[in-house]
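The values are calculated or read from the model by the stated rules, or taken from the named source; none is laboratory data. Just so it is clear, the model here is predicted, and its values are computed rather than measured. FYI the Cβ positions are ideal-geometry reconstructions off the backbone, even for glycines, and counts take in every protein chain you see.
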Amino acid sequence: MKKMINKIVTLRAMTLRIKIMLLVSAITLAGCEKVVDVKLNTESPRLVIDASINWEKGTPGNLQTIKLTTTTGYTQQTIPTADGATVTLTNSANRVFSFTEVPGTGKYICTDFVPQLNELYSLKVLYKGETYTAEEKLIVTPSLKNVEQINDLGLNSDEIGIKINFKDTANQRNFYLLRTDFSEMPFPDYQLYDDRFSDGNTMTWFYFHSKLAKGKVLNFSQYGVSENYSNYMFLLINASSGAGSGPFRVIPTRVRGNIINQTNSTNYPFGFFRLSEMTKLQYTIQ
């Protein structure tokens, strides 16, 4: 019994000693805390061209916006706008559509654009003595037909999923982009579809989120896109989803679009010139 008591006393003494050592270490580390100022190398600003022309079914499509900004340092809180540019679109009949700058916003607006399916358009941006160009066709998209709600997903069969159906255009290769806006998500969700193995069939998008519940509203927007844009978005989506997590999450590689700097090829821009017919559908969870 005496030996057992001695062992208990010894263990308690060791435990107390460990606690004291941990407390001293914590105080020491707290006293040695130092803010490290990491200097990051910032590349010279590049032009970023957001030239997405969307023609919603059933609308004139005359009002269009192209946004110009520049890259900036990682820790900067604001994105610089690119002011003073000249922005135009030209169709195959050489009709020019001019985009007028809204001062201080980086937004360039056209009020008389004429959208035409399968028409080839040329983008031209003149900025700080350099000329940026690109070409794309305006791609058709079928209407979203209907929505199916599935209520028995998940391990407990109590989670909700949504199926959005549409009829693919037959006898041609088509590429589609679906954007889903949900109030519980800070950013839209994007999906891509290639009809290579389902030409002319009914095609289905699937959307799931753990916070889907009765009364929640989902907004779906479908775009017809070119193969080049589909490949571009595929790289962006995969690069973003594979960039890790935490406060320093960044896209690990540069994804370049279809816009070329004709004046200085090394000073290439970011962004893509795209023209799409668009269809929308809103759904409230039942």
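Observations on the model:
- From PHE187, PHE182, residue being in contact with a strand residue (DSSP E or B) (Cβ under 7 Å, 6 or more places away or on another chain) and under 18 Å from LEU218 (Cβ atoms): PHE182
- Restricting attention to the stretch 75-95, the residues being among the polar types (S, T, N, Q) and in a loop (DSSP other than H, G, I, E, B) number 7.
- Looking at VAL217, VAL147, just one residue is touching a strand residue (DSSP E or B) at 6+ places or on another chain (Cβ under 7 Å), hydrophobic (A, V, I, L, M, F, W, C) and surrounded by 14 or more Cβ atoms within 10 Å (Cβ to Cβ), and that residue is VAL147.
- Residue check, ALA239 of a type outside the set (Lys, Arg), modelled with pLDDT under 95, touching a Lys or Arg at 6+ places or on another chain (Cβ under 8 Å) and over 29 Å from GLU119 (Cβ atoms): no
- Of all the residues in the stretch 271-285, those that are under 15 Å from GLN116 (Cα atoms) and surrounded by fewer than 24 Cβ atoms within 10 Å (Cβ to Cβ) number 2.
- For PRO115, the conditions (1) under 24 Å from the mean Cα position of the chain (by Cα); (2) surrounded by 19 or more Cβ atoms within 10 Å (Cβ to Cβ); (3) of a type outside the set (A, V, I, L, M); (4) under 26 Å from GLN172 (Cβ atoms) all hold with the exception of (1).
- THR72 under 23 Å from the mean Cα position of the chain (by Cα) and of a type in the set (Ser, Thr, Tyr): yes
Let's see how each residue does on (1) in contact (Cβ under 8 Å) with a residue 12 or more places away in the chain; (2) not charged (D, E, K, R):
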site: SER44; (1), (2): no, yes
site: ILE49; (1), (2): yes, yes
site: LEU63; (1), (2): yes, yes
site: LYS67; (1), (2): yes, no
site: GLY73; (1), (2): yes, yes
site: THR86; (1), (2): yes, yes
site: LEU89; (1), (2): yes, yes
site: ALA93; (1), (2): no, yes
site: GLU130; (1), (2): yes, no
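- When ASP181, ASP158, ASP152 are checked against the criterion of being surrounded by fewer than 17 Cβ atoms within 10 Å (Cβ to Cβ), of a type in the set (Asp, Glu) and touching a Pro at 6+ places or on another chain (Cβ under 9 Å), a single residue qualifies: ASP181.
- The stretch 103-128 - residue that is in contact with a Ser or Thr (Cβ under 9 Å, 6 or more places away or on another chain) and of a type in the set (A, V, I, L, M) and, of those, nearest to SER226 (Cα to Cα): LEU120
- Segments classed as strands (runs of 3 or more DSSP E), wholly inside the stretch 118-222, with at least 2 members that are under 24 Å from the mean Cα position of the chain (by Cα) and acidic (Asp, Glu): 130-139, 189-194
- Residues (among the polar types (S, T, N, Q) and loosely packed, with under 14 Cβ neighbours inside 10 Å) located in the stretch 87-104: SER92, ASN94, THR100
- The residue that is surrounded by the fewest Cβ atoms within 10 Å (Cβ to Cβ), counting only those in the stretch 184-214 that are among the basic types (Lys, Arg) and out of contact with any Lys or Arg (no Cβ under 9 Å at 6 or more places or on another chain), is LYS214.
- Every residue from the stretch 99-117 that is in contact with a strand residue (DSSP E or B) (Cβ under 7 Å, 6 or more places away or on another chain) and either of a type in the set (A, V, I, L, M, F, W, C) or assigned to a strand (DSSP E or B) (or both): PHE99, THR100, GLU101, VAL102, LYS107, TYR108, ILE109, CYS110, PHE113, LEU117
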